[in-house]
């Protein structure tokens, strides 16, 4: 095991009928909040009304800021930060999925910063302070509700970049599985793909040979995510399925799986981010296209871990290691297909002639991800099997 | 999954050569510390010198308080709290295993309380404030380094009682696996038994049928604890074995395995505490005596979970459920024996005529543990197979 420091201060309030606690949980952090949400689906499914009632009951004044997009945009985040300054809010309350919470984190930093919000993502300014953030999670996918991470797309430079900082950890995250009931099967499947990717990429690239505590959890979480995502896709109102998918999602990306591991990196996320940045491909869809290609390319780099993945996660019993790896990847593809997640450009509605542009963007962003070996040629070779 | 709230603010600093960080990590919490440790083994193995050098380098003044016993005593904790008041210390620094840290927590509460330290354990006074506590862990066993729990023995009333409160979470816990190298094979084995018990008791008594996230982690941790404890017993200086045993120990009892589960209780700990309280039996030794008896008694109450335990933890493949359960328990007994942990009164050096007294003490303490069904008759029937 590698040396590490771990501290995660987020308070999780989990379970049925917990949304109405947001007011009381947020009140200790200030008197006036910026309420951030997306394009209004929360007004249709009743979540907005529940949150507003709770804030009012707690005596919290608030200003609204809506319109956050999937793959949230820098310009929108910047305008939110400007509004937060202008309205002099004490805290941010996010109501939404990973995109809303990620942009809320950008706003929370930007509200205390004189320059551009992008300064934090470009690395120009270290993220050291932010307004307190509380959230009500409506999509179990990114794990942002229990970490200090945020990802933003800069439309101008065509970069989708992220950062991680302790000051961006939410103070309180309300995880009510019923808040995810209205997410349809397609995006529920994409969410499951994302959760799975958060676990499997670090698991396969971890180069420390003795991390059993992290491994058993990663393996168990992956099996859980596959089973429970399938259940959620089949029945969106299955409470136990939603609850376990939600908790698995939070645990997948709260730092625990990475504490003590070595060299864990996220190349499938790098690849997927370029697809999303250029063609607005759904994050999960981009990952299911990228993942099997990436795993096959990794046969020459992470063979031992790919065998372990095939055996302990995908239940492959075949003795021959090469065959076991291929069977593991094939089983993963079959799971993706079973829940409606794409594994080719065509299925993901990406034009085939986008290939070169995507490959170029990946190679451009790779160094910022610590993935310098993902050059244009390397990526083209990796991704070509999906370009059909 | 059940509703739950989870927040664990402890900062973990894990790894080789981290002991020397204690001064810098503790310094933000005050200028003068009470340094709590046991009977001086830390002076022989160099840990004391390393800690003192680090405190001095950080400019931290400190007063020493040594002599903490295994199964720490109320009178000693009370005297420590009195000293902390008299010396007007700002924080507590604990150097030791679970007993030292548990007593340090008692002192941290007692230093801010006018009455007896026992008031907190008896339930008379709620634990709401305590001096900040930092620690250097020297035995991986109790998990107290990443939770708000503490257990103290009242010699006068012959009660060993515990409590859990957020204010008792350490601010920083230094987990350097090399600090556990000098723990001999006997107590290393007892430590492994304790870690295993923290996981298995809640796992078997959990009555929620859908907690896969908690289950896969509990099962994986149990397999890890068995494998790595055996390795540590065989070679106390095996760094990776010590590191993984240490991290498994911390993860076993930091609240994660219990978040969302239902009715988890700790009857083997109840039984073991009475043995320790009356006869000073080592905590781990008492647990390996109690555990197989308890599991066999649970066949009538937690059959489904015992089958799951046999299959997913002990690797039993037998189809018949009754046989599978018995095979699982037998394999656990064999593991205990393989590492030198006792499974009978005689092996634990408990006189056979102690049986009635122990049973009576368990029944007396049971209600405070929420285990009212553990009456004298119930416990006598449960424990009799070990009284040989």
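Specify which of the listed residues (A:291, A:364) is modelled with pLDDT under 95 and either crowded, with 21+ Cβ neighbours inside 10 Å or part of a helix (DSSP H, G or I) (or both).
A:364
Can you go through B:220, B:255, B:260 and tell me which one is at positive phi and within 10 Å of chain A (Cβ to nearest Cβ)?
Sole residue among the options that is at positive phi and within 10 Å of chain A (Cβ to nearest Cβ): B:260.
Is it true that some residue in the stretch B:264-286 is surrounded by fewer than 21 Cβ atoms within 10 Å (Cβ to Cβ), out of contact with any helix residue (DSSP H, G or I) (no Cβ under 7 Å at 6 or more places or on another chain) and within 14 Å of chain A (Cβ to nearest Cβ)?
The answer is no, given that none of the residues of the stretch B:264-286 is surrounded by fewer than 21 Cβ atoms within 10 Å (Cβ to Cβ), out of contact with any helix residue (DSSP H, G or I) (no Cβ under 7 Å at 6 or more places or on another chain) and within 14 Å of chain A (Cβ to nearest Cβ).
Name the pairs whose Cβ atoms lie under 6 Å apart, with the first residue in the stretch A:313-336 and touching a residue at least 40 places away in the same chain (Cβ under 8 Å), the second in a loop (DSSP other than H, G, I, E, B) and buried (at least 21 other Cβ atoms within 10 Å of the Cβ), and 6 or more positions between them or separate chains?
A:333/A:343; A:336/A:343
Which members of the stretch B:223-239 meet the condition of being closer than 20 Å to residue B:335 by Cβ and either facing chain A (nearest Cβ under 9 Å) or part of a helix (DSSP H, G or I) (or both)?
B:223, B:224, B:225, B:226, B:227, B:228, B:229, B:230, B:231, B:232, B:233, B:234
Residues to consider are B:55, B:35; find the one that is away from every other protein chain (no Cβ under 14 Å) and either crowded, with 21+ Cβ neighbours inside 10 Å or part of a strand (DSSP E or B) (or both).
B:35 is the lone residue from the list that is away from every other protein chain (no Cβ under 14 Å) and either crowded, with 21+ Cβ neighbours inside 10 Å or part of a strand (DSSP E or B) (or both).
Among A:278, A:257, which is assigned to a loop (DSSP other than H, G, I, E, B) and closer than 23 Å to residue A:162 by Cα?
A:257
Name every residue in the stretch B:151-162 that is touching a strand residue (DSSP E or B) at 6+ places or on another chain (Cβ under 6 Å) and assigned to a strand (DSSP E or B), in order of residue number.
Result: B:151, B:153, B:160, B:162.
From B:190, B:196, B:120, which residue is part of a helix (DSSP H, G or I) and in contact with a strand residue (DSSP E or B) (Cβ under 8 Å, 6 or more places away or on another chain)?
Step by step, each of B:190, B:196, B:120 is checked, and only B:120 is part of a helix (DSSP H, G or I) and in contact with a strand residue (DSSP E or B) (Cβ under 8 Å, 6 or more places away or on another chain).
All but one of (1) loosely packed, with under 14 Cβ neighbours inside 10 Å; (2) in contact with a helix residue (DSSP H, G or I) (Cβ under 7 Å, 6 or more places away or on another chain) hold for residue A:315; state the number of the condition that does not hold.
(2)
For the structure I just gave you, tell me whether residue B:112 is free of Cβ contacts under 8 Å to residues at least 24 places away in the same chain, over 24 Å from residue B:226 (Cα atoms) and either part of a strand (DSSP E or B) or not assigned by TED's automatic domain parsing to the domain that holds residue B:279 (or both).
yes
Which condition number does residue B:376 fail, the rest of (1) within 27 Å of residue B:219 (Cα to Cα); (2) over 21 Å from the mean Cα position of the chain (by Cα) being met?
Condition (1) is where residue B:376 drops out.
Of all residues in the stretch A:4-29 being in a loop (DSSP other than H, G, I, E, B) and crowded, with 16+ Cβ neighbours inside 10 Å, which is farthest from the other protein chains (Cβ to nearest Cβ)?
Only one residue fits best here, namely A:18.
The values are calculated or read from the model by the stated rules, or taken from the named source; none is laboratory data. Because the structure is a prediction, the values reported are computed rather than measured. All Cβ positions, even for glycine, are placed from backbone atoms using ideal geometry, and neighbour counts span all protein chains on display.
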